[in-house]
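A.B. asks: Before I ask anything, let me first share the structure, which is written out below as structure tokens.
The values are calculated or read from the model by the stated rules, or taken from the named source; none is laboratory data. From a predicted model like this one, the values you see are computed outputs, not experimental measurements. Because the Cβ atoms are built from the backbone with ideal geometry, glycine has one as well, and the counts that use them run over all protein chains shown. Quick note on the areas: whole protein, heavy atoms, side chains included, nothing else; ligands and nucleic acids left out. Shrake-Rupley method; radii C 1.70, N 1.55, O 1.52, S 1.80 Å.
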2 protein chains.
Amino acid sequence: DLPPGIDLAVVAVPASAVPGVVDDCAAAGVRSLVVITAGYAEAGAEGRARQQRLTEQVRGYGMRMVGPNCMGLLNSDPALSLNATLATVAPLPGGIGFFSQSGALGIAVLDHLCGRGLGLSTFVSAGHRADVSNNDLLAYWSEDPRTAVVALYLESVGNPRKFAWLAPQLARRKPIVAVKSGRSASGTRAAAGHSAALASLDVAVEALFEQAGVIRTNTLEELFDVAAMLATQPVPAGPRVGVVTNANGPGILFADACEASGLTLAALAPGTLDELQSFLPERAEFSNPIDMTDSAAAADYERALALVGRDASVDSIVAIYVPPMVTRPEDIAAGIARGASAVPSHKPVLTVFLSETKPPAELGMGARGYLPYYHFPENAALALAAASRYQRWRDRPRGKPLIFDRLTRTRLRAIIDGVLARCGRSPAWLDEGELSALLGTAGIEVAASARTTVAEAPAIAETLGYPLVAKVISPGVVHKSDVGGVIMGLKSAGEVAIAATRLEHRMAEMGKPLEAILLQREVQGGVEALVGVTSDPTFGPLLVCGLGGLMVELNRDVAFRLHPVTNVDAGEMLKSLRTARLLEGYRGMPQADRTALIEVIMRVSALVEIVPEMSELDLNPVKVLVPGAGAVVVDGRMRIRPAENPGVPSADPPIPR
Amino acid sequence: DLPPGIDLAVVAVPASAVPGVVDDCAAAGVRSLVVITAGYAEAGAEGRARQQRLTEQVRGYGMRMVGPNCMGLLNSDPALSLNATLATVAPLPGGIGFFSQSGALGIAVLDHLCGRGLGLSTFVSAGHRADVSNNDLLAYWSEDPRTAVVALYLESVGNPRKFAWLAPQLARRKPIVAVKSGRSASGTRAAAGHSAALASLDVAVEALFEQAGVIRTNTLEELFDVAAMLATQPVPAGPRVGVVTNANGPGILFADACEASGLTLAALAPGTLDELQSFLPERAEFSNPIDMTDSAAAADYERALALVGRDASVDSIVAIYVPPMVTRPEDIAAGIARGASAVPSHKPVLTVFLSETKPPAELGMGARGYLPYYHFPENAALALAAASRYQRWRDRPRGKPLIFDRLTRTRLRAIIDGVLARCGRSPAWLDEGELSALLGTAGIEVAASARTTVAEAPAIAETLGYPLVAKVISPGVVHKSDVGGVIMGLKSAGEVAIAATRLEHRMAEMGKPLEAILLQREVQGGVEALVGVTSDPTFGPLLVCGLGGLMVELNRDVAFRLHPVTNVDAGEMLKSLRTARLLEGYRGMPQADRTALIEVIMRVSALVEIVPEMSELDLNPVKVLVPGAGAVVVDGRMRIRPAENPGVPSADPPIPR
């Protein structure tokens, strides 16, 4: 019975009645659905089958669908003024585009934003994301002029490879803030049990967000705190903060939180301090944070903010106010609003009102409009620090991944095809010769080595030169040095003969077969690094690196990035390690060839591109020699898993869109 | 003109008039003062002198004084009903005793607690703490039956040695929560500039709080969140949390925050789950967190809370509520209050109301009274985790420090007195012989060694046995191995002769005088540990330990404790290291003698007691051998600073009380 020209139908009938309604909608020419109805992927095998049928039905008609089992959507564009949600509050229009994977949480989000005076451009609770996903919304928000900042509540990333493609493009233009829950074992269990989405290793999420420029917050409150700032203020150009306060204590708390999160307190120009001294009382503090004392009046805030804001050494400004007896909060709020208007428009202004109640409405009545406010100094610092980290990401060069030329690609595939032929297309470890050939072809230097027998070891040693290391090759022995299967420092054929015999005995004692002896040129000196690849079923290949040999695993000091890794990414990986100083010549040790190590990481990433069958790679140790001398792989192992296979970066995984 | 019997005078006249008022008060028999007046320690040299005179005047009369430059005090005992603060709000009576070093922040504290419905037993803003200090209040609160939890805002600790004595005694009975600001370089600058208190290394504060059982929070908001729980709920007996929610999303966020902070989600008993299934809808989630779905009514909350609360596998209970359309918050609040009343009284109940506004008053109207509430799930998890950590501290044995017998003490003092005589009572490093003798007397094993010349080295080597290490002794060379001043693995007199000559040349090349050659038995194998002492001017001697040789400093993975260190403290120090696994036989390395390392730490602490002149001790490396084989000091250095001196644990430092 519907008239023509319906844009959107909201379906809120029992699950059994949905197919009929969808048919009716199609007949009436409706192109878009919001399906509120529950009883789908969250309701066992039967529900999942029902969802599959619904999705096929909708797609068959060429419709788009939000849901099922969702809380609806909202668009505050005055031309639409659409509120198709279950929420009772009427959200304000504004610059935040919000995506919530949880419907119930979505209601809390709308309530919170509304109470805080923050407006939305768009809000979508997408339920099971059977059709429209967070990735569709990233694409939409990228083009939507009304959206200034994107906020996501995610329990899973959906299709992370699409996310990895879309998010950085959006983040170059608009900040994305996200809470991703399900980090912990319990959290993951709850998320998997409920949202019918695949659980993901948190380390992969961390790497994805880091590379994509997504600001990840630890808590929901932090999500709001950061979004409040980014929706209303510009991104600061740098980390230097100027603070104006009427009390010292909160100023110290703010300073602590700043420095803990990578911000710095600006050193104000002498001219600024002179002018401040001209009107503030003698007992005020004339270094940043500027403590104007509890007698600070509205006019003092106004002048001080304008002065500090105009100081070229300041990238952002924070006004802190503790309501004392002698001033009226309404007056101070108005003074801050006036002062903020005199701050150059490219510098953000944040406020802290240390009080249980909301700041007076006057705060938002200046020429600059809404000023973000926080009840505690640390929250403001956290929001500003997140914005500042985002600015660094946005403004740094992307770099380029390394790509092998056609000849190299052909030669690499020939080696892998040989392995595939040898192992009959079942998962397998490469042997020493295959791995050496593969790495060598990929331009990664490997210590010269040869596989031999106990009897022939001395003769082979003479062809390699000295010093040498002898290692056992035995099925099942993966960490050779852990079982005494490595003898170093062999300087003659005689020493090699003794070592080979000793290794033979050692394996016999352990009841392990000795397949062969590997002789390898000993690489002396250098910083030990680990470079590897692990494959996440949802996220695809992850590159990992660490420094310090055995200590890498002990300290869990490693950096992960999703493939592909650019030169800039590789450099950031090394910089993020606590052990980064090892490369700079630590405590009398020689400096190490950082450039060569970065190149190894990039060549491994390029190799992943050519060998999608790679399920595991572990180059450990890579000896990073003095600058100019390169980096040499001393030991490594690589596993491939052919075919239908997690590991192919180009294939779409079987997960919800 | 005052009548007799005045208990307290509040002095709020200009600084110049204060002495006269104090005289008048004394004449009228007043024994206690609150001095609000500013212009003292914060106002330069003149102000400090004025404060000194005021303090002497007050003490001369045998009066006690809060302030000067403070915001007053408050006592909500109905017998007193005293509010001598500058705050405009009228705080509620309750169980929180609050100390604020910042007056302005104190106003915000009162405002916040009041808005949150939390009551105070006592509140003190002590300004410059010229007389009454936080330590006096710790002693008072220890005896005050109306105070259930103590909350501190500190910019400096005052007299940390008194604090270290008083705080653990109080914390055994009542929790202490503290924010200590001034962690960062800027924060410290602001704190030092303003509160006229000495800046302290944050690591010392961290050690002090850890040992004293003080719950340190990172932010002011966390201080309130933790205090709200501890003021109204019992301390949980363990880390297992039961969660009841009407939405899955917040449940996941809570679970994530739990696991990140050391709590666990309880595995509920099958009987509990069966009973829950008898009344909750089929689509509810029947594993912890229990998601009752958005249809959950007040009666569901009541029954579920009572059931989960009575489950023996649960130590604490959290109710999470997202206001949906179908239920009234007032009803739910009442249901939660009734359910909480059925939870055994020794288990805490916390609530999360995901809404911008306060929960309805019904929440506090059950038999259990006030229930702490949080707007976000993570805040509740944080408060509970802090309470759980406190419980572990409170219930674990204290252990005992090691104390040397009289003979040992006498012999140790004789060695030190010899050093003092040698160096003419000026600061000095102990030489190898002195340090060996001192450590040996203290029961700490040192590798056998002898100081010799290049010429005599081979002969001395024969008396020591092999293998040996040769080290340079040269003024100004502190890290010998960094300059190539160590040669290891010497197995004969001939090798020793060559090594000694090589060291001589190396020093000559560097233009450093070679004072002597140190020959030392090489200790083979073992895990390298660092055990040391550093002296903080305010906090006194700090013990430090770490594992992993060179990597200790690179990873900054060290544990600090204030002297004296008990066996339990020493064990906790080792446990807190990321590298702790090194002691357990890591990756094929042998296990190490943890007991022996703990004993070294305790013997060093005992040594500090006898040698208060010790300003720096560095035993690095200590080789920790296989269990039963002990721990041997391979290299060490110790500096003493005689006399009037930071380092004497018994002396009171020149800081405010």
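A.B. asks: Is there any pair linking a residue in region A:352-377 that is closer than 20 Å to B:Asn218 by Cβ and within 13 Å of chain B (Cβ to nearest Cβ) to one that is acidic (Asp, Glu) and open to solvent by less than 50 Å² (accessible area, probe 1.4 Å), with Cβ under 8 Å and at least six apart or on different chains, and which?
C.D. replies: If the second residue must be acidic (Asp, Glu) and open to solvent by less than 50 Å² (accessible area, probe 1.4 Å), the pairs left are A:Leu354/B:Asp111; A:Tyr374/A:Asp225; A:His375/B:Glu221; A:Phe376/B:Glu221.
A.B. asks: In region B:262-306, which residue that is among the hydroxyl-bearing types (Ser, Thr, Tyr), surrounded by fewer than 17 Cβ atoms within 10 Å (Cβ to Cβ) and closer than 25 Å to B:Tyr374 by Cα is nearest to the chain's Cα centre (by Cα)?
C.D. replies: Residues of region B:262-306 that are among the hydroxyl-bearing types (Ser, Thr, Tyr), as a first pass: B:264, B:272, B:278, B:287, B:293, B:295, B:301.
Narrowing further to those that are surrounded by fewer than 17 Cβ atoms within 10 Å (Cβ to Cβ): B:278, B:287, B:295.
Now narrow it down to the ones that are closer than 25 Å to B:Tyr374 by Cα: B:287, B:295.
On the way: B:Ser287: 36, B:Ser295: 45 Å.
Among them, the one singled out is B:Ser287.
A.B. asks: Just to check your reading of the model, which residue among B:Leu402, B:Leu384 is open to solvent by less than 10 Å² (accessible area, probe 1.4 Å) and touching a residue at least 24 places away in the same chain (Cβ under 8 Å)?
C.D. replies: Values: B:Leu402 fails: open to solvent by less than 10 Å² (accessible area, probe 1.4 Å).
Result of the check over B:Leu402, B:Leu384: B:Leu384.
A.B. asks: Further question: Can you name the condition, by its number, that B:Val149 falls short on among (1) of a type outside the set (Phe, Trp, Tyr); (2) farther than 20 Å from B:Thr538 by Cβ; (3) within 14 Å of chain A (Cβ to nearest Cβ); (4) open to solvent by less than 30 Å² (accessible area, probe 1.4 Å)?
C.D. replies: Among (1) of a type outside the set (Phe, Trp, Tyr); (2) farther than 20 Å from B:Thr538 by Cβ; (3) within 14 Å of chain A (Cβ to nearest Cβ); (4) open to solvent by less than 30 Å² (accessible area, probe 1.4 Å), B:Val149 violates only (3).
A.B. asks: Of all residues in region B:523-541 being in contact (Cβ under 8 Å) with a residue 60 or more places away in the chain and in a loop (DSSP other than H, G, I, E, B), which is nearest to B:Ala631 (Cα to Cα)? Give the steps one after another, and end with the answer.
C.D. replies: Start the filter on region B:523-541 by keeping residues that are in contact (Cβ under 8 Å) with a residue 60 or more places away in the chain, which leaves B:523, B:525-541.
With the extra rule that they be in a loop (DSSP other than H, G, I, E, B), the set shrinks to B:523, B:525-526, B:537-539.
Working: B:Val523: 10, B:Gly525: 11, B:Gly526: 8, B:Pro537: 30, B:Thr538: 32, B:Phe539: 29 Å.
Going through the qualifying residues, I end up with B:Gly526.
A.B. asks: Being hydroxyl-bearing (Ser, Thr, Tyr) and within 14 Å of chain B (Cβ to nearest Cβ), is that true of even one residue in region A:100-119?
C.D. replies: As a first pass, look at region A:100-119 and keep what is hydroxyl-bearing (Ser, Thr, Tyr): A:100, A:102.
Applying the additional criterion that residues be within 14 Å of chain B (Cβ to nearest Cβ) yields A:100, A:102.
Yes, the conditions are met somewhere in region A:100-119.
A.B. asks: Moving on to the next point. Evaluate region A:296-309: report whether one residue or more is facing chain B (nearest Cβ under 9 Å), assigned to a loop (DSSP other than H, G, I, E, B) and under 27 Å from B:Leu110 (Cα atoms).
C.D. replies: Of region A:296-309, the ones facing chain B (nearest Cβ under 9 Å) are none.
No, because not a single residue in region A:296-309 is facing chain B (nearest Cβ under 9 Å), assigned to a loop (DSSP other than H, G, I, E, B) and under 27 Å from B:Leu110 (Cα atoms).
A.B. asks: Could we say that B:Pro344 is modelled with pLDDT under 95, open to solvent by 10 Å² or more (accessible area, probe 1.4 Å) and either more than 14 Å from chain A (Cβ to nearest Cβ) or within 20 Å of A:Ile107 (Cβ to Cβ) (or both) here?
C.D. replies: Details: modelled with pLDDT under 95: no; open to solvent by 10 Å² or more (accessible area, probe 1.4 Å): yes; either more than 14 Å from chain A (Cβ to nearest Cβ) or within 20 Å of A:Ile107 (Cβ to Cβ) (or both): yes.
Criteria not met by B:Pro344.
A.B. asks: What are the pairs, 6+ residues apart or on separate chains, where a residue within region A:468-492 that is touching a residue at least 60 places away in the same chain (Cβ under 8 Å) and assigned to a helix (DSSP H, G or I) has its Cβ under 9 Å from a residue that is of a type in the set (Val, Ile, Thr) and surrounded by 14 or more Cβ atoms within 10 Å (Cβ to Cβ)?
C.D. replies: Partner pairs satisfying both residue conditions: A:Lys480/A:Val472; A:Lys480/A:Ile473; A:Lys480/A:Val486.
A.B. asks: Here's another thing I want to ask about it. Quick one: how many residues across region B:39-82 are under 32 Å from the mean Cα position of the chain (by Cα) and either touching a residue at least 24 places away in the same chain (Cβ under 8 Å) or within 20 Å of A:Leu354 (Cβ to Cβ) (or both)?
C.D. replies: 20
A.B. asks: Which numbered condition in (1) of a type outside the set (D, E, K, R); (2) open to solvent by 10 Å² or more (accessible area, probe 1.4 Å); (3) at pLDDT below 90 is the only one that A:Thr501 fails?
C.D. replies: Failing condition for A:Thr501: (3).
A.B. asks: Cβ-Cβ below 7 Å, separation at least six or inter-chain, first residue in region A:557-584 and under 23 Å from A:Ser535 (Cβ atoms) and within 11 Å of chain B (Cβ to nearest Cβ), second assigned to a loop (DSSP other than H, G, I, E, B) and of a type outside the set (Asp, Glu): which pairs?
C.D. replies: Listed pairs, sorted by first residue: A:Asp557/A:Leu577.
A.B. asks: Scan region B:108-116 and give yes if some residue there is closer than 14 Å to B:Leu74 by Cα and acidic (Asp, Glu), otherwise no.
C.D. replies: Within region B:108-116, one or more residues are closer than 14 Å to B:Leu74 by Cα and acidic (Asp, Glu).
A.B. asks: Next question. For region A:139-146, check the following and say yes or no: at least one residue is surrounded by 24 or more Cβ atoms within 10 Å (Cβ to Cβ), polar (S, T, N, Q) and under 26 Å from A:Leu220 (Cα atoms).
C.D. replies: No, region A:139-146 has no match at all.
A.B. asks: Residue pairs, Cβ under 8 Å, 6 or more apart or interchain, first in region A:263-274 and away from chain B (no Cβ under 14 Å), second among the β-branched types (Val, Ile, Thr). List them.
C.D. replies: Between residues of region A:263-274 that are away from chain B (no Cβ under 14 Å) and residues that are among the β-branched types (Val, Ile, Thr), the close pairs are A:Thr272/A:Val308.
A.B. asks: While we're on this one: Restricting the search to region B:200-251, which residues are among the hydrophobic types (A, V, I, L, M, F, W, C), within 10 Å of another protein chain (Cβ to nearest Cβ) and either part of a helix (DSSP H, G or I) or surrounded by fewer than 24 Cβ atoms within 10 Å (Cβ to Cβ) (or both)?
C.D. replies: Across region B:200-251, the qualifying residues are B:Leu220, B:Leu223, B:Phe224.
A.B. asks: Sticking with this structure for a sec: Somewhere in region A:172-187, is a residue assigned to a helix (DSSP H, G or I), buried (at least 24 other Cβ atoms within 10 Å of the Cβ) and hydrophobic (A, V, I, L, M, F, W, C)?
C.D. replies: Taking every residue of region A:172-187 in turn, none turns out to be assigned to a helix (DSSP H, G or I), buried (at least 24 other Cβ atoms within 10 Å of the Cβ) and hydrophobic (A, V, I, L, M, F, W, C).
A.B. asks: Right, here's the next one. Do the conditions hold for B:Val157, that is, is it within 29 Å of B:Leu371 (Cβ to Cβ), touching a helix residue (DSSP H, G or I) at 6+ places or on another chain (Cβ under 9 Å) and buried (at least 23 other Cβ atoms within 10 Å of the Cβ)? First the steps, then the outcome.
C.D. replies: On the way: within 29 Å of B:Leu371 (Cβ to Cβ): no; touching a helix residue (DSSP H, G or I) at 6+ places or on another chain (Cβ under 9 Å): yes; buried (at least 23 other Cβ atoms within 10 Å of the Cβ): yes.
In short, no.
A.B. asks: Evaluate region B:54-66: report whether one residue or more is surrounded by 24 or more Cβ atoms within 10 Å (Cβ to Cβ), in contact with a helix residue (DSSP H, G or I) (Cβ under 6 Å, 6 or more places away or on another chain) and in a strand (DSSP E or B).
C.D. replies: The answer is yes; a qualifying residue exists.
A.B. asks: Quick check, is A:Ser16 surrounded by fewer than 21 Cβ atoms within 10 Å (Cβ to Cβ) and either under 18 Å from A:Phe123 (Cβ atoms) or in contact with a helix residue (DSSP H, G or I) (Cβ under 6 Å, 6 or more places away or on another chain) (or both)? First the steps, then the outcome.
C.D. replies: On the way: surrounded by fewer than 21 Cβ atoms within 10 Å (Cβ to Cβ): yes; either under 18 Å from A:Phe123 (Cβ atoms) or in contact with a helix residue (DSSP H, G or I) (Cβ under 6 Å, 6 or more places away or on another chain) (or both): no.
No; evaluated as a whole, the condition is false for this residue.
A.B. asks: Just one of B:Val483, B:Val472 is at pLDDT below 90, within 14 Å of another protein chain (Cβ to nearest Cβ) and out of contact with any His (no Cβ under 9 Å at 6 or more places or on another chain); which is it? Step through it out loud before you land on a result.
C.D. replies: On the way: B:Val472 fails: at pLDDT below 90.
On inspection, the qualifying residue turns out to be B:Val483.
A.B. asks: With respect to A:Glu456, is the statement that it is open to solvent by 20 Å² or more (accessible area, probe 1.4 Å), closer than 19 Å to A:Arg637 by Cα and more than 34 Å from the chain's Cα centre (by Cα) true?
C.D. replies: Working: open to solvent by 20 Å² or more (accessible area, probe 1.4 Å): yes; closer than 19 Å to A:Arg637 by Cα: no; more than 34 Å from the chain's Cα centre (by Cα): yes.
Answer is no for this residue.
A.B. asks: Which residue, of B:Ser605, B:Ser576, is open to solvent by 30 Å² or more (accessible area, probe 1.4 Å), modelled with pLDDT of 90 or more and farther than 20 Å from B:Ala629 by Cα?
C.D. replies: Numbers: B:Ser605 fails: open to solvent by 30 Å² or more (accessible area, probe 1.4 Å).
Criteria check complete, one pass: B:Ser576.
A.B. asks: Tell me which of these A:Ala508 doesn't satisfy, since it passes every other one: (1) surrounded by fewer than 22 Cβ atoms within 10 Å (Cβ to Cβ); (2) touching a strand residue (DSSP E or B) at 6+ places or on another chain (Cβ under 9 Å).
C.D. replies: A:Ala508 satisfies every listed condition except (2).
A.B. asks: Something else about it: Which residue pairs have Cβ atoms under 6 Å apart, sit 6 or more places apart or on different chains, and have a first residue in region B:3-20 that is over 14 Å from B:Leu33 (Cβ atoms) and a second that is loosely packed, with under 13 Cβ neighbours inside 10 Å?
C.D. replies: Pairs found: B:Pro4/B:Gly29.
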